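Quick notes on the structure that follows.
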Amino acid sequence: MPLLPNSSHHVLVLNCGSSSLKFAIIDANSANEIISGLAERLGSDTPSIKYKYQGKKTVLDLASGQAHAKAIDTLVNLVKDHNLADNLIAVGHRVVHGGEHFTKSVLIDQSVIDGITQSATLAPLHGKANLLGIEAAKASFKGLPQIAVFDTAFHQSMDKVAYLYALPYKLYTQHGVRRYGFHGTSHYYVATQTAELLNKPLAHSNFISAHLGNGCSVCAIKNGKSVDTSMGLTPLEGLIMGTRSGDIDPGLFNFLTTQLDYTAKQIDDLLNKDSGLLGISELSNDCRTIEEAALAGNERANLALDMFCYRLAKQIAAFMVPLQRLDALIFTGGIGENSDLIRSKVIKQLAFLGLDCDIQANLDARFGSQGIISSENANTTAVVMPTNEEWVIAQDAANIAQEQ
Ligand code: AMP
């Protein structure tokens, strides 16, 4: 049930992608969503905004070519029309790349914008969109504190041994080439929630969290801190994802350019947009579609699922090196929260870590429910924990706004 807008802790959360803008007004105390929506296909011939308010869904078409600034304009009008402006205390921005500048959420001023601009060279598509969102929100919500919450911040506790690539060192010192990791807000959130569920202090908990959505990453959390993660300089490294390849032999670049005349842009598109579950199955990037096809006997869909699970299990096992002791394996993200099939396949391959699945609990954990899915025979706990990045952003923004 959406709350009536009567709290003074409402935060507008903005997640600006290259052609989309996700937004929500969240009550930072209760996590209730007052209004939420998505502007998509921004800059194309058919941009639109859909939103949900008090249970009702509405779609508004934008004029052809209209992009982020217009979407935020429309959002400002929505906020005013529904009398939601007076209760807003801050705007929280999800920023994908904070480089080494940002280890926690910050109030946005010119120096922060400069830092985000610098980090944007490492993730140009995301970075530019994030900056556009910040500029447009600053212009439209004058006087409201704007707070940046970084996907990379949680992983800034990683040690050099984990974050450096074995490349010439000056690529790191001069150009910032290193592993940064992403999905930090999600890994942090599910770790805190799991510690609460297991009644264990986070600071004494060792977890591996698997955020499995369109993008997928695993994080090794030791005594509550990220010590390693599967994504790297960009969100392409690591696991097999919906359309991303994850790890490949870098020698592939030479082969594709010299033997098949690929350009850098074509290789980037191949690895980011045409690979992963989609590339193997040649059916879809959507895990549900692939599971249905696999059930119906489609061999390639089956192979895509098996490869996805094998790579994931291998990565989880590798993270036992920094952790040594595992208190819980956490599944989150659209796939992690809903796919009993993927969870059971992965847990089966990790039986040597003391993991064992409770069949019924695993089947029951879906559609946003949280719970322990390991059996009584298991020595290591497995948990499904729905993520809520928007709430973390809202809480951080509210806390920082109140300090001003
Ligand atoms: P996200 O990016 O977190 O929204 O996750 C999107 C992914 O979750 C897509 O691959 C969906 O197919 C997958 N997903 C959502 N619901 C289910 C489900 N019931 N079973 C399997 N995969 C699901």
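Only the coordinates and a few stated rules stand behind these numbers; no lab work does. Predicted model only: the values in this text are computed from it and were never measured. Cβ sites come from the backbone with ideal geometry, for glycine too, and all protein chains shown count toward neighbours.
Evaluate the distance, in nm, between pseudo-label points positioned 7 Å from the Cα of Leu303 and of Phe367 along their respective Cα→Cβ axes.
Output for this residue pair reads 3.5 nm.
In the chain, if the dipole is taken from +1 on Lys/Arg beta carbons and -1 on Asp/Glu beta carbons about the Cα centre, which of Tyr165, Asn338, Ala69 is farthest to the positive end?
Of the candidates, Tyr165 comes out farthest on the positive side.
Taking a ≥ b ≥ c as the square roots of the Cα gyration tensor eigenvalues, with a/c under 1.5 meaning rounded and otherwise prolate when a/b beats b/c, else oblate, which class fits the range 254-352?
Cα axes put the range 254-352 in the oblate bin.
In the neighborhood of Met385, defined by Cβ-to-Cβ distances under 11 Å, what is the net charge if each Lys or Arg adds +1 and each Asp or Glu adds -1? Let's see the in-between values first.
Working: positive: none; negative: Glu196, Glu337.
Counting the neighbours of Met385, the net charge comes to -2.
Using a 7 Å offset from the Cα along the Cα-to-Cβ direction at both Lys160 and Lys128, what is the distance between the two label points in nm, to one decimal?
Label-label distance for Lys160 and Lys128, simple model: 3.5 nm.
Charges on Cβ only, +1 for Lys and Arg, -1 for Asp and Glu, centred on the Cα centroid of the range 277-404; of Ser375, Gln315, Leu283, which one is farthest towards the dipole's positive end?
Highest projection toward the positive end goes to Gln315.
Using the Kirkwood radius built from alpha carbon pairs, what does the Stokes-Einstein equation give as D for the chain at 25 °C and 0.890 mPa s, in µm² per second?
My calculation gives 111 µm²/s for D.
When N is the residue count of the range 199-249, what does its C-alpha Rg come to as a fraction of 2.2 N^0.38 Å?
1.29
Taking a ≥ b ≥ c as the square roots of the eigenvalues of the Cα gyration tensor of the range 43-126, is the shape rounded (a/c under 1.5), prolate (a/b larger than b/c) or oblate?
oblate
Could you check what % of the DSSP bridge pairs in the chain are antiparallel, to the nearest 5?
On the way: 40 of 59 bridges.
For the chain, the DSSP antiparallel bridge percentage is about 70.
Take the alpha-carbon centre of the range 124-197, take the same for the range 292-355, and report the distance between them in whole Å.
For the range 124-197 versus the range 292-355, the Cα centre distance is 26 Å.
List the lysines whose Cα lies under 16 Å from the Cα of Lys200, skipping any in the same chain that are fewer than 8 positions away.
Leaving aside lysines fewer than 8 places away in the same chain, those within reach of Lys200 are Lys222, Lys225.
What are the extents of the Cα atoms of the range 346-397 along their three principal axes, listed from largest to smallest and rounded to whole Å?
42, 21, 17
Taking Lys348 as the anchor, which aspartates and glutamates have their alpha carbon closer than 19 Å to its alpha carbon, excluding any fewer than eight residues away along the same chain?
Counting by Cα, and skipping residues close in sequence, Lys348 has these aspartates and glutamates nearby: Glu291, Asp306, Asp327, Glu337, Asp340, Asp356, Asp358, Asp364, Glu376.
Provide the gained length on full extension for the span Ala203 to Ile113, in nm with one decimal, where the gain is 0.36 nm per separating residue minus the Cα-Cα distance. Mind showing how you got there, number by number?
Details: separation 90, 0.36 × 90 = 32.40 nm, distance 3.19 nm.
Residue separation times 0.36 nm, minus the Cα-Cα distance, leaves 29.2 nm.
Explain nothing, just the number: relative contact order of the range 1-139, from Cα pairs under 8 Å at least 6 residues apart, as a whole percent.
Taking the mean separation of contacting Cα pairs over the length of the range 1-139, I get 25 percent.
Going by the alpha-carbon gyration tensor, a ≥ b ≥ c the square roots of its eigenvalues, is the range 59-209 rounded (a/c under 1.5) or, if a/c is not under 1.5, prolate (a/b greater than b/c) versus oblate?
The shape class here is oblate.
Check which residues have an amide H placed less than 5 Å from Tyr262's amide H, if you skip close sequence neighbours.
Distant-sequence amide H within range of Tyr262: Thr257.
Using θ = phi - 60° and the Karplus relation 6.51 cos²θ - 1.76 cosθ + 1.60, list the HN-Hα couplings for the range 15-29 in order, rounded to whole Hz, with x at every Gly or Pro.
So the J values, rounded to whole Hz, are 10, 9, x, 5, 10, 9, 9, 9, 9, 7, 9, 10, 7, 5, 7.
Which of Lys50/Lys80; Lys22/Lys273; Lys52/Lys80 have a Cα-Cα distance over 19 Å?
On the way: Lys50/Lys80 17 Å; Lys22/Lys273 21 Å; Lys52/Lys80 15 Å.
From the list (Lys50/Lys80; Lys22/Lys273; Lys52/Lys80), the Cα-Cα distance tops 19 Å for Lys22/Lys273.
Out of every Cα pair in the range 29-84, what percent are spaced more than 19 Å from each other?
30 percent
Sort Ile108, Ile116 by Cβ crowding within 10 Å, fewest neighbours at the top.
Numbers: Ile108 21, Ile116 25.
Ordered by Cβ neighbours within 10 Å, fewest first: Ile108, Ile116.
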